[in-house]
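Below you'll find the structure, written out as structure tokens, and then a few comments.
Derivation of every value follows stated rules applied to the coordinates shown; laboratory data play no part. All figures in this text were calculated on a predicted structure; none of them were measured in a lab. Cβ: placed from backbone, ideal geometry, glycine included. Neighbour counts: every protein chain shown.
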């Protein structure tokens, strides 16, 4: 290597070193503000959702409370809110960064050799299908698991709040068995979810490395044919591989985001529910000459959760 070549080599290294240094500063600033803004937005939204959730619960009618256990509602207020916070904070940022890394890697690889990159792109539909299957199966499993653990939390809340009654009737074995059944359902669904996550994560990695292997083999053929240089093969290979590794590392975040989506669905279904008898509503008819006399004539009543048991059977009552 001559003196001129050595000088050019050193200058090139210093140039790229300063470029990497500048990119590092830019990434630091963007990550700092991006993550900080996401966490701030998440905290504000969770604060507002908590208020709206409690407000909606307090406005529901007694028929709704007969079908929804208080313990399950308090469990949703704590557990589901944490799931929403976990999925709506930096997980979205991590996923977007991984998608950006994959797209950037493929773009640079295409610039280096579109023929070699085209082989990688052919496998992308299979990668998308594996991600879609992962999203569908994991989302369904998370929904079932949250319902099971919510019911278990309701049982625990009910037992602890009425511990004296439980002790008086010696109902500890019965309550423990009832709690265990709900936990068993959640455990079974959790194991199923773990299997889905592992299978689709492995399937994703399989397709990506198949693409890498085929592209590497095809790149060698292009070198033999004199279409590209040997260095281009490694350049395309590592650009695509780094993007694939970043995307693969972000796959577990998809499960967290889907869990937050399922948790938010349960919370907002309660927030958006309008009771038949809304105590906070300003609409309705006002009785001008109201007298404090109540007349109940031949009233029959059954609880919606226990329709086979008649609570009131033709009762008549007058209060004045």
May I ask for the angle, rounded to the nearest 10°, between helix 3-58 and the longest principal axis of the chain, with both axes built from Cα atoms and the value confined to 0 to 90°? 10
Given the C-alpha centroids of region 236-253 and region 170-221, what is the distance between them in whole angstrom? 20
Please give the Cα centre distance for region 71-87 versus region 38-57, rounded to the nearest Å. 11
How much length is gained on full extension from residue 31 to residue 302, taking 0.36 nm per residue of separation minus their Cα-Cα distance? 91.7 nm
Peptides ranked, highest mean first, by Cβ atoms within 10 Å: ranges 197-203, 211-217: 211-217, 197-203
At residue 114 and residue 311, where each label point lies 7 Å from the Cα along Cα→Cβ, what is the point-to-point distance in nanometres? 7.3
Taking the Cα atoms only, what angle lies between the long axis of helix 90-112 and the longest principal axis of the chain, rounded to 10 degrees? 30
In vacuo Debye scattering of region 221-289, one point per C-alpha: log10 I(q)/I(0) at q = 0.19 Å⁻¹? -0.89
Could you give log10 I(q)/I(0) at q = 0.17 Å⁻¹ for region 48-94, computed by the Debye formula over C-alpha point scatterers of equal weight, without solvent? -0.58
So what's region 10-85 giving for Cα Rg divided by 2.2 N^0.38 Å, two decimals? 2.07
Can you give me the pair-distance distribution of region 82-135, C-alpha pairs, 10 Å bins, whole percents? 21, 37, 28, 11, 2
If you line up the Cα atoms of the chain on their principal axes, what length do they span on each, largest first, in Å? 111, 46, 35
To two decimal places, what compactness ratio does region 169-212 give when its Cα radius of gyration is scaled by 2.2 N^0.38 Å? 2.08
Alpha carbons only, please: Rg and Dmax for region 164-320, in angstrom. 32.8, 103
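Per DSSP H run of n ≥ 4, the term is -39500 (n - 2.57); total these for the chain, divide by its residue number, and report the mean residue ellipticity at 222 nm rounded to 500 deg cm²/dmol.
When only DSSP H runs of four or more count, the value is -27500 deg cm²/dmol.
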Normalised contact order of region 3-275, rounded percent, pairs of Cα under 8 Å and 6 or more residues apart: 37
I need the Kirkwood Rh of region 65-154: take the reciprocal of the average 1/r across all distinct C-alpha pairs and report it in angstrom. 16.6
Region 166-255: C-alpha pair distances exceeding 17 Å, %: 67
In a Gaussian network model of the chain with springs linking alpha carbons closer than 10 Å, the residue among 272, 61, 289 that fluctuates most is 289
Highest GNM mean-square fluctuation among 273, 50, 293, for the chain with Cα springs under 10 Å, belongs to 293
Gain on full stretching of the segment that runs from residue 122 to residue 45 - 0.36 nm per residue minus C-alpha separation: 23.7 nm
Nitroxide proxy distance, nm - points 7 Å out along Cα→Cβ at residue 6 and residue 245: 3.3
Out of 71, 34, 259, a Gaussian network model of the chain with alpha-carbon springs under 10 Å gives the largest mean-square fluctuation to 34
